[in-house]
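The structure appears right after this line, and notes come after that.
The values are calculated or read from the model by the stated rules, or taken from the named source; none is laboratory data. Note that the structure is a prediction, hence the values are computed from the model and not measured. Positions of Cβ are backbone-derived with ideal geometry, glycine not excepted, and every protein chain shown enters the neighbour counts. To get the accessible areas, we keep the full protein, side chains included, count just its heavy atoms, and leave off ligands, DNA and RNA. Shrake-Rupley method; radii C 1.70, N 1.55, O 1.52, S 1.80 Å.
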2 protein chains.
Amino acid sequence: MDTDCIFCKIAAGDLPAKKVYEDDQIMAFFDIHPKASVHLLVIPKKHIATLNDLNTTDSALISKLVLALPEIAKEQKLEGFRVVVNNGPGSGQIVYHLHFHILGGKQIPTF
Amino acid sequence: MDTDCIFCKIAAGDLPAKKVYEDDQIMAFFDIHPKASVHLLVIPKKHIATLNDLNTTDSALISKLVLALPEIAKEQKLEGFRVVVNNGPGSGQIVYHLHFHILGGKQIPTF
């Protein structure tokens, strides 16, 4: 855990979030600044800053997270959805704790 | 292989693509309709239509693909980049063979 990281604090239960999924390794919650009618963030609980910081010891974690994405979307009654990861400088990444956006509903923004 | 799938044909070498990475399981090539100054598509060679069609037997494949994303971006000299997966109806998915967009360079579009 990175004590300065807001997503680590959410994962630890020290900051509130509107959770929709949680297990021992991953968590999903609503983005507080939604860019679509349904906008979720899916994170590993482990502090990993960016995709560049993943290594092969995270393989099981990352495949679990990716396989969870359609399950989490389905729970929100999303038929189609967009997954976005902003990664590093200039990409729009604000929080440096890896997070997968799920954007769905009536207003999926173009990219 | 799905014989009607253009990405299966690219993976098999039956259709041309400007490849930037290839191994026995995954391939990366330039999008022919770029939405950023660098716009790549990263695919599993195996025909998987959407994220919803992944199952646990694909875990090693999907983690390998995700871990390859920053490596492929680095080869293109991208410091920051965006990863996008359009998934299913209404999302903008055109080819129903799972593909991860990498968008980078000077013109990463907003989402």
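Things worth noting here:
- The criterion of at least 3 residues that are over 18 Å from residue B:67 (Cβ atoms) and of a type in the set (A, V, I, L, M) is met, among strands (runs of 3 or more DSSP E) falling completely within region A:21-111, by A:38-44.
- Residue in region B:61-78 that is within 7 Å of chain A (Cβ to nearest Cβ), open to solvent by less than 30 Å² (accessible area, probe 1.4 Å) and more than 13 Å from residue A:51 (Cβ to Cβ) present: yes
Per-residue answers, yes or no, for (1) basic (Lys, Arg); (2) within 12 Å of the chain's Cα centre (by Cα):
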| site | (1), (2) |
| --- | --- |
| B:31 | no, yes |
| B:34 | no, no |
| B:39 | no, yes |
| B:74 | yes, no |
| B:79 | no, no |
| B:88 | no, no |
| B:101 | no, yes |
| B:104 | no, no |
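- Qualifying residue in region A:9-20 (condition: open to solvent by 10 Å² or more (accessible area, probe 1.4 Å) and within 14 Å of another protein chain (Cβ to nearest Cβ)): no
- Qualifying residue in region A:42-54 (condition: within 13 Å of chain B (Cβ to nearest Cβ) and basic (Lys, Arg)): no
- Scanning region A:90-99 for residues that are within 11 Å of the chain's Cα centre (by Cα) and not hydrophobic (A, V, I, L, M, F, W, C) turns up A:97, A:99.
- Scanning region A:94-111 for residues that are touching a residue at least 24 places away in the same chain (Cβ under 8 Å) and surrounded by fewer than 20 Cβ atoms within 10 Å (Cβ to Cβ) turns up A:95, A:96, A:105, A:106, A:107, A:109, A:111.
- Enumeration of residues in region A:39-56 that are over 19 Å from residue B:56 (Cβ atoms) and open to solvent by 30 Å² or more (accessible area, probe 1.4 Å): A:45, A:46, A:47, A:52, A:53, A:55
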